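Everything on this sheet refers to the single structure shown next.
Throughout, read-outs are computed from the coordinates displayed, never taken from laboratory work. Everything numeric here is computed off the predicted structure, so don't read it as measured data. Every residue, glycine among them, receives a Cβ derived from its backbone with ideal geometry; neighbour counts consider all protein chains shown.
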Amino acid sequence: MTMTAAAPAHAVSDTQPGILGTPPGFTDSYTVAINDAGSVLGTVQLGNRPPVRAVRWDNHGRATQLDLPSGTDNSAATGINNHDVAVGAVDRSGTHTRAVRWDRRGHVTELDLPPGSTTSLARGINDAGVVMGQAWMTNGDAHAVRWDIQGHVTDLGVLPGHTNSDVIASNDQGVIAGTSCQQDGGCRAVRWGRDGRIEELDLLPGYVGSSASGMNNRGTVIGGSWASSTVAAAVRWDRAGTITVVQAPSPEDTEIGLVAINQVDVIAGMVFRPDGVIRAARWDQRNHGTILDTESTWLSTPVVDINDAGSIAGTAAAMDGSPYAVR
């Protein structure tokens, strides 16, 4: 099944996703973020072949390709704020990537590299226009970075004894959540304050590692913590750093993954069923989980983001395996 350009989203219910259209010449679509106006950000391509293009869908499901800088071949979108300003990266002939920002009209600006870096990727942008992402150094290490509204870049660094860091979310107060890792792969969830100071978040008792996957304006961070390669838990940290386990919606769910949290502490994520199927899920402020795709009309329904109205964006796999951007 091939979607046409600017096709409106199908009617959306609380439990079933609606398909978003693709521009001419593309068949597959993937979502990465949704804002409070209902604009969805993602990428499109023709099957598994290049080119890959960053796309923004408005709240009526109309798709617009975002501009490419001269000399670039592919683009990938990663985040969008409530002013429809988007960020991501572009690829220069497969040699390196550069972080970029698209304004609400889709015009693109390349973001500066920090000193000693050759490659960068923007991962998100807050409503103040501050961009956060990651840059790769000439020695191979990757560091979390932040671009201010003038485009000046700051290396956020790592925890003592660590070599790599990454960011996953930034709130409107300028606080950033992410993960800092040792050379051997041992990782800890962290928060950076507005001043760039890094804070290590607590582990569950007896656990050895953690990572962050989202954060809201309240400072609540979500993610995961693990005791071993086979023992893990989905967790949330409140503003004070207190850690709480988020339970699976039902006992038969073998694993859950938390992806995003909105400003009223509602979480979007996924549950992994015993048969290998992935289902979209939502957790309320009391950590009560609900599986959304109850009719199982899709092979799987992974989610990527949730807005303050509770609308969720994701990429659903049809029964033939074809991916579709959905909301």
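Numbers for the structure displayed
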| item | result |
| --- | --- |
| For the chain, size of Cβ-based charge dipole, Lys and Arg +1, Asp and Glu -1, in debye | 320 |
| GNM top mover of GLY151, GLY61, GLY214 - the chain, alpha-carbon springs below 10 Å | GLY151 |
| About the Cα centre, charge dipole magnitude for the range 112-170 (Lys/Arg +1, Asp/Glu -1 at Cβ), debye | 60 |
| Dipole-positive endmost among GLY18, CYS187, ASN35 within the chain (Cβ charges, Cα centre) | ASN35 |
| In sequence order, calculated HN-Hα J values of the range 120-128 (Karplus, 6.51, -1.76, 1.60; Hz; x Gly/Pro) | 8, 8, 7, 10, x, 8, 8, 5, 7 |
| Segment VAL264-SER250, extension gain: residue separation times 0.36 nm, minus the distance between their alpha carbons | 2.7 nm |
| Within a Gaussian network of the chain (alpha carbon springs, distance under 10 Å), most fluctuating of ALA227, ALA317, ALA189 | ALA227 |
| Fluctuation leader among GLY124, GLY47, GLY133 - the chain, Gaussian network, Cα springs under 10 angstrom | GLY47 |
| For the range 172-279: rounded, prolate or oblate by the Cα gyration tensor [a/c cutoff 1.5] | oblate |
| From the coordinates shown, Rg and Dmax of the Cα atoms in Å corresponds to which of (i) 25.1, 90; (ii) 18.6, 63; (iii) 19.0, 53 | (iii) |
| Karplus-derived 3J(HN,Hα), 6.51/-1.76/1.60, for each residue of the range 245-253, Hz, glycine and proline x | 7, 9, 8, 5, x, 9, x, 7, 5 |
| Residues in the range 206-249 reached by a label modelled at HIS288 [backbone nitrogen below 17 Å; 7 Å Cα→Cβ] | 246-249 |
| Hz values of 3J(HN,Hα) by residue in the range 165-170 - Karplus curve (6.51, -1.76, 1.60), Gly and Pro given as x | 8, 9, 10, 10, 7, 9 |
